[in-house]
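Remarks on the structure that follows.
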Amino acid sequence: MPASTPEVTGKVRISLVIAEVGEALPEELASVVRTWVRAIQHGFFGAVEIRVHGDIETEGWVVSGSVECHRVPRAAFRALSKLVSRFAQRKMCVVRSIITGDAGQRLGDDSGATVPVLPPALPFTVEYPKYLRREVRVEIEFCHAFSQATWDVLLEAFHIWDVLVDAIGDPERSPDGSEYAVHRLSPSMIEHEIFGYIADFECLDFIVWLALRWHQHQRVERVTLE
């Protein structure tokens, strides 16, 4: 597969080595990779598929695993690199990462977007803010009431979005950290707020991708980002 291919299909091997030990524990880094896998499964990177072979494992200071991908965009692997970099920054350690595809191509260490480009037409209304503020509110309105099980999955999805925003954004924009809140505004509407939003407009597109995944089985009426 040529390096310019925008999507990756096939097995991808992930190997992360904590080279200089600070406060980091290998299992914490493994949890970062698992969160990234869940982000793909929630639809943040489009209608793609990923499956872990076995588990993300640790041995000594090495975290490794392999995943089977179907049309996963390269943006997702750049996002993984961002997650690993933020982990290393927080834990005051150095993490060497090797992410390779079936044909031996390196993934995740090239520059470029960390969020896939949205399709030109969307099946629901999306309202974007004119300007970004430190306080960002997300509202997803479904056509019908959603269940408790849906609420639980959405809670996990919003938590993962917070992690992505934290990894991709600039922590200097909110040096004291960010706070989060999730509310059910009505039987069919959920709201998520970030106080101390540190990313750019691109991370708002993750929410639209999430809504596109949900729209496949529970129709979305509107997404408001303000």
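How would the chain be classified by its alpha-carbon gyration tensor: rounded, prolate or oblate, with rounded meaning a/c under 1.5 and the a/b versus b/c comparison settling the rest? Present the calculation step by step, with values, prior to reporting the outcome.
Values: a/c = 1.81, a/b = 1.42, b/c = 1.27.
Prolate shape, in that a/c is at least 1.5 and a/b is the bigger ratio.
Taking Cα atoms, how many degrees apart are the long axis of helix 148-168 and the longest axis of the chain, rounded to 10 and kept between 0 and 90? It works out to around 60 degrees.
Relative to the longest principal axis of the Cα atoms of the chain, the long axis of helix 74-91 lies at roughly 70 degrees.
What you get for the stretch 136-226, charging only the Cβ of Lys and Arg (+1) and of Asp and Glu (-1), is a dipole of about 500 debye around the Cα centre. Based on Cα contacts under 8 Å between residues 6+ apart, the chain shows a relative contact order of 25 percent. Taking 7 Å steps out from each Cα toward its Cβ at residue 27 and residue 226 produces label points 4.4 nm apart.
Spin-label model, residue 98/residue 135: points 7 Å from Cα along the beta carbon direction are separated by 4.9 nm.
Taking Cα atoms only, the orientation of helix 204-215 departs from the longest principal axis of the chain by about 70 degrees.
Residue ranges 146-153, 46-53, 75-82 sort as 75-82, 46-53, 146-153 when ordered by packing (mean number of other C-beta atoms within 10 Å per residue, highest first). Cβ crowding within 10 Å ranks 11, 130, 91 as 130, 11, 91, fewest other Cβ atoms first.
Taken together, the values in this text are just the output of simple stated rules run on the coordinates, not laboratory data. Everything quoted here is computed from the prediction, not taken from an experiment. Quick reminder, even Gly has a Cβ in these numbers, built from the backbone with ideal geometry, and neighbours come from all protein chains shown.
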